[in-house]
Amino acid sequence: MSAVFPSEEWLKGLEAKLNADEKYRGIAKTWEGDLLFKIEPGGNLKEPLTFYLDLWHGTCRKAEYKPDPAAHPKPVFTLTAGYEDITGILTGKLNPMTAMMTMKLKVQGNMGYMMRNVPTVLDFVRVAAEATTEIL
């Protein structure tokens, strides 16, 4: 299942794909941390958008589109990017690690943990890209 990014259908498709992908499950088996994504407007995205993923040991325990900030006051990681940069990552035009190093993808959280888990980060991006058939 894949859908137009960004949409609630896309996020639910990503959740299902993460939970069905054996390669991701193996690579991310030690990952412990939830993510709050903040996407800044640009291109066809006219308003800021947030979504939340609770990733734990190779599974996605929860995915929320436009979550209530009070429900997740201290996620392990908050990732902030402009619409063009996040879509660049999803389409393979922008390497996610390069995006982090150049601050196109801002990360709040334990960067040491993120860097020790680069294979997990890259495979998460692979699954997210596969869940994306079209960019808004």
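The values are calculated or read from the model by the stated rules, or taken from the named source; none is laboratory data. These numbers were taken from a predicted model, which means no experiment stands behind them. For neighbour counting, all protein chains shown are included, and Cβ atoms are generated from backbone atoms with ideal geometry for every residue, glycine included.
Quick notes
- Under the condition of being among the hydroxyl-bearing types (Ser, Thr, Tyr) and either at pLDDT below 95 or at positive phi (or both), the residues counted in segment 114-136 number 2.
Residue by residue, here is whether (1) crowded, with 20+ Cβ neighbours inside 10 Å; (2) more than 12 Å from the chain's Cα centre (by Cα) holds:
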| position | (1), (2) |
| --- | --- |
| Glu9 | no, yes |
| Leu14 | yes, no |
| Glu32 | no, yes |
| Gly58 | yes, yes |
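- Restricting attention to segment 80-136, the residues that are small (Gly, Ala, Ser), assigned to a loop (DSSP other than H, G, I, E, B) and over 25 Å from Gly26 (Cα atoms) total 0.
- Filter pass, Tyr24 being over 13 Å from Phe124 (Cβ atoms), buried (at least 19 other Cβ atoms within 10 Å of the Cβ) and either at pLDDT below 95 or not polar (S, T, N, Q) (or both): no
- Residue pairs whose Cβ atoms lie under 6 Å apart, sitting 6 or more positions apart in sequence or on different chains, and linking a residue in segment 67-90 that is touching a residue at least 12 places away in the same chain (Cβ under 8 Å) to a partner that is of a type in the set (S, T, N, Q) and crowded, with 17+ Cβ neighbours inside 10 Å, are Leu90/Thr132.
- Hey, Tyr52 surrounded by 17 or more Cβ atoms within 10 Å (Cβ to Cβ) and part of a strand (DSSP E or B) or not: yes
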